[in-house]
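Undergrad: Have a look at this one.
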Amino acid sequence: MNSLWTDTVSIPERESLHGDIKTEAVVIGGGLAGILTARLLEESGVKAVVLEGARIGSGQTKNTTAKITSQHGLVYDKLAAQFGMEAAGQYANANEKAIREYGRIIKEYGIGCHFTEAGAYLYSGSPEMAEKLIREAETAKALGIAAEFTTKTELPFPVEGAVCFRGQAHFHPLEFLRGVAEGLAIYENSPALFAEEGRVLTERGTVTAKHVVFACHYPFINVPGYYFMRMYQERSYVLALDTENSAGGVSFLPEGMYYGVDQDGLSFRSADGLLLLGGEEHRTGENREGGRYGRLMERAKRLWPACEERFRWSAQDCMTLDGIPYIGRFSPKTPDWYVATGFQKWGMTSAMVSAMLIRDDIVGKENPDASVFSPERFTPAASAKKFVSGGLHAVRDLSREIFALPRAAAEELPCGHGGVVEYEGKKAGVYKEEDGTLHVVSVRCPHMGCQLEWNPDEKSWDCPCHGSRFDYGGKRIDNPAQEGIK
């Protein structure tokens, strides 16, 4: 499904890597984090090459709601309580600087990307949650953010309270990506298959570099680093709506950006004359019943009965166990490797924070905000316990997996549906097209062997352990898996 962003911009294609090359830094991943890292390195005199497995911006960047904000949910009061005001201040300062850095780059390079300053609001309809919002506003203000608690919003329903951060922004992410990528050494359709010290291997060539940056959403190298023990992934859904009511109602195009902190909270922002409505979050691999888009549309219809859907898309986010991205040295054993991952749902600001922190580390410049994001803060025992409670139950015995499924075992599946089918104690994943054509695949994730689950909203096979995803025919959609399923 195309997002609003992919439908309204065209990005020139780049050639694939053919042969072996040498450079100072190689960046794996051509999303916003990777492209910004390469750009800032080049500005600092470090030659960089970007390797992208498909097209630049074709991963998570195209699926964002493109809010550039230091407001990342109820984060600051939590950070201050768990890590202290100094660490919370580092987080706040890094993200505030990221917003200003976007402004600098857009102005300096003359990038037209509909960059617009706007307030960012957290809101709630719960009196109990309103008390948390008051504390969040007080903590954020103490950390130097222009934050205030309010009960007045543009929302078409009452709220018990909201926190507004001033001086935030939103933009068109692919228009920005197209502009900031101009002149960089980028190789598309060149997936990184393996990395060892200063060498990154692709299908048709190798890049040798002093520095290796993993900006590929979810690191595909399991050891060292152990990122598969540190993160899980979540999915969320977006509708781009025309809320104009020809019967005389009022359309809703807010100037601010809104994010609900209640369990069923919604996200709002306007773009290109449309309302972007987001929500229905769930852990990847836990959506057997589906219906996420339908429920979002039902809620929209209650507010704007005549609204019409123009686009729909979904996003996938890496979630860390303490709510802070992993940005910095990949592991103590690989001093010249760097990682940018675990952006939660705030990829635009975190991408710029990553680029600035990694740039400074590579050029030998001390960054006062680096320590709070350091991947070395990981505590294996605590993180492993929380990860197991969150989803490792999905690793199942697949030793009796089907690869030659008798047709009769799948015939009962309705057309247009998919699911795990069992026959004589064996399992297979089946999708049945509307014309009756069957697609039979393994339900074993090639990353670490977890059982895949059917996602009816996307017609995909999703891994509940680490978030790899595959289309109904077995082609890989999302990493950390590097290959499709059989």
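The values are calculated or read from the model by the stated rules, or taken from the named source; none is laboratory data. Only a predicted model underlies this, so the values are computations on that prediction, with no experimental measurement involved. Virtual Cβ from ideal backbone geometry, glycine too; neighbours counted across all protein chains shown. The protein model used for the area step is the full one, side chains on, heavy atoms only, and it has no ligands, DNA or RNA in it. Shrake-Rupley method; radii C 1.70, N 1.55, O 1.52, S 1.80 Å.
Undergrad: Determine the percent antiparallel among the DSSP beta bridges restricted to the chain, to the nearest 5.
TA: About 75 percent, rounded to the nearest 5.
Undergrad: Could you give the distance between the Cα centres of region 334-355 and region 67-89, to the whole Å?
TA: With region 334-355 and region 67-89 each reduced to a Cα centre, they are spaced 17 Å.
Undergrad: Please list 346, 5 from largest to smallest accessible area, probe radius 1.4 Å, with all protein chains kept in place.
TA: 346, 5
Undergrad: Rounded to the nearest 500, what is the chain's calculated 222 nm mean residue ellipticity when only DSSP H runs of at least 4 contribute -39500 (n - 2.57) each, over all residues?
TA: -7500 deg cm²/dmol
Undergrad: Roll a 1.4 angstrom probe over the protein heavy atoms and tell me the percent of accessible area of region 251-377 that is carbon or sulfur.
TA: Here carbon and sulfur together make up 45 percent of the probe-accessible area.
Undergrad: Here's a follow-up. Using a 1.4 angstrom probe on the protein heavy atoms only, line up 453, 244 by accessible area, largest first.
TA: If we order 453, 244 from most to least accessible, we get 244, 453.
Undergrad: Just check region 119-209 against the gyration tensor rule for me: Cα atoms, a ≥ b ≥ c as the square roots of the eigenvalues, rounded for a/c under 1.5, and otherwise prolate or oblate depending on whether a/b exceeds b/c.
TA: prolate
Undergrad: With a ≥ b ≥ c the root eigenvalues of the C-alpha gyration tensor of region 1-104, is it rounded (a/c under 1.5), prolate (a/b larger than b/c) or oblate?
TA: Judged from the Cα gyration tensor, region 1-104 comes out oblate (a/c at least 1.5, b/c at or above a/b).
Undergrad: With respect to the cross-link table entries 97/365; 301/345; 97/333; 67/97; 62/432, which display a Cα-Cα separation exceeding 19 Å?
TA: 301/345; 97/333; 62/432
Undergrad: State in Å² the accessible area per residue of the chain; use a 1.4 Å probe, count heavy atoms of protein chains only, and round to the nearest integer.
TA: With the other protein chains kept in place, the chain gives 42 Å² per residue.
Undergrad: Can you divide the C-alpha Rg of the chain by 2.2 N^0.38 Å and report the result to two decimal places?
TA: Dividing the Cα Rg of the chain by 2.2 N^0.38 Å gives 0.97.
Undergrad: Roughly how much of residue 336 is accessible, in Å² to the nearest 10, using a 1.4 Å probe?
TA: Approximately 50 Å² for this residue.
Undergrad: Among 240, 192, 176, whose Cα lies farthest out toward the positive end of the dipole of the chain, if unit charges sit on the beta carbon of Lys, Arg (+1) and Asp, Glu (-1)?
TA: The residue sitting farthest along the positive end of the dipole is 192.
Undergrad: Within region 64-161, what whole-number % of the accessible surface is contributed by carbon and sulfur, with the 1.4 Å probe and all protein chains included in the calculation?
TA: So the carbon and sulfur contribution to the accessible surface is 51 percent.
Undergrad: Quick check: at a probe of 1.4 Å, how many percent of the accessible area of region 3-44 sits on carbon and sulfur atoms?
TA: On region 3-44, the fraction of accessible area on carbon and sulfur atoms equals 41 percent.
Undergrad: Further question: For region 250-309, report the translational diffusion coefficient in µm²/s to the nearest whole number, using Stokes-Einstein at 20 °C, 1.002 mPa s, and a Kirkwood Rh over Cα pairs.
TA: 168
Undergrad: Place a +1 charge on the Cβ of each Lys and Arg in the chain and a -1 charge on the Cβ of each Asp and Glu, then give the dipole magnitude about the Cα centre in debye, rounded to the nearest 20.
TA: 720
Undergrad: Any idea of residue 65's accessible area? Nearest 10 Å², probe 1.4 Å.
TA: Probe radius 1.4 Å; accessible area of residue 65 about 30 Å².
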